[in-house]
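> Have a look at the structure that comes next, please.
The values are calculated or read from the model by the stated rules, or taken from the named source; none is laboratory data. What you see is a predicted model, and the numbers here were worked out from it, not measured in a lab. Every residue, glycine among them, receives a Cβ derived from its backbone with ideal geometry; neighbour counts consider all protein chains shown.
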Amino acid sequence: MAVEIGVASRRLIEAVSRRRIFRDALEIGLVALAFLLYFLVRGSVVDRRDEALGNAAGIIDLERSLGFFWEPWLNEAILDYGALIQLFNAIYFWLDFPLIVVVGLWLYFSHRHQYTVARDAVLASGAIALVVYQLYPVMPPRLLPPEYGFSFVDTLNVHSNLSYQAQSMQPFVNPYAAVPSLHVGWAVLVGGVLFWATRNLWLRTLAVFMPIGQFAAIIFTANHYILDGIAGLAVVPLGLLAALALQRWAYPAVRRLAGALPES
């Protein structure tokens, strides 16, 4: 039985290796499934309002003690400037998952090694973030109740048709998944790999702008606290370490195992 499974596994590996269309379909399918599971798990715990509110209050108190609770002022600073509102809304929405998909496809078909590192780092950091979301739900500024004395404006919901809170998105959205901000963490990862993969000046400019613009956008749009963005930066090295470990040990082991499988 074990020999039969080994033969079948080897034939599957050989078939996928010989036919690029099979390899491409398998890769895209696995990544799409991974992200689907990520968003389903991320959106599964949405009934912890009191805990999320208490944790948000703790973050506000910590930022005040550190001297940089600037979120109310920064959100209010752009409310009289429609162009700035639309700019930060667009950065927050379009320079996150949509841009990750575009860059990922480009890397996959033209820079496979960089793509693999980026894919593994993004998925590993996402897995780490899921654990934190479950253990430490945090209410974002835009959802703070008025009795807390703040009047944050959810600029995406109020001024644009761009919103993760649409009814069709509810199964995939956890409004209390503020810490860490993967908008920032993934912008650093994807921007860094994009800078590594190309010498094109415009693409490198985009790569540098991604984390800077995204960090600003999460604050101006009232979707995150400053500490959320810092936490997003903290998951970057963890995701990269996991990706490099896969490159160094896991993938060579899989290749050795595939070579050791019986041929018939």
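> Any chance you could count how many residues in segment 171-199 are part of a loop (DSSP other than H, G, I, E, B) and at pLDDT below 75?
1
> Condition first: farther than 16 Å from THR198 by Cβ and free of Cβ contacts under 8 Å to residues at least 60 places away in the same chain. Now tell me which residues in segment 98-121 satisfy that.
Correct list: PRO98, VAL101.
> Also, quick follow-up: Every residue in segment 197-215 that is closer than 16 Å to ILE230 by Cβ and of a type in the set (A, V, I, L, M, F, W, C), please.
ILE212, PHE215
> Name the residues in segment 70-128 that are in contact with a Pro (Cβ under 9 Å, 6 or more places away or on another chain) and of a type in the set (Gly, Ala, Ser), would you?
SER125
> Collect the residues in segment 25-76 that are surrounded by 14 or more Cβ atoms within 10 Å (Cβ to Cβ) and among the charged types (D, E, K, R), keeping them in residue-number order.
GLU27, ARG42, ARG48, ARG49, GLU51, GLU63, GLU71, GLU76
> Is it the case that some residue within segment 57-72 is closer than 30 Å to THR198 by Cα and either basic (Lys, Arg) or part of a helix (DSSP H, G or I) (or both)?
no
> Now, a different point. Mind counting the residues in segment 77-86 that are surrounded by 15 or more Cβ atoms within 10 Å (Cβ to Cβ) and without any contact (Cβ under 8 Å) to a residue 60 or more places away in the chain?
Adding up the residues that qualify gives 0.
> Test each condition in (1) in contact with a helix residue (DSSP H, G or I) (Cβ under 6 Å, 6 or more places away or on another chain); (2) not in a helix (DSSP H, G or I) for ASP47 and report the one that comes out false.
(1)
> Now for a separate question. Return yes when ALA231 is aliphatic (A, V, I, L, M), under 29 Å from ARG64 (Cα atoms) and touching a residue at least 40 places away in the same chain (Cβ under 8 Å) and no when it is not.
Spelling it out, ALA231 is indeed aliphatic (A, V, I, L, M), under 29 Å from ARG64 (Cα atoms) and touching a residue at least 40 places away in the same chain (Cβ under 8 Å).
> Given the conditions (1) touching a residue at least 40 places away in the same chain (Cβ under 8 Å); (2) of a type in the set (A, V, I, L, M, F, W, C); (3) surrounded by fewer than 22 Cβ atoms within 10 Å (Cβ to Cβ), which single one is not true for LEU201?
Unmet condition: (1).
> In this structure, is SER168 at pLDDT below 95 and part of a helix (DSSP H, G or I)?
Here the answer is yes, as SER168 does meet what is asked.
> Considering only segment 135-156, state which residues are modelled with pLDDT under 90 and surrounded by 14 or more Cβ atoms within 10 Å (Cβ to Cβ).
Within segment 135-156, TYR148 is the sole residue that qualifies.
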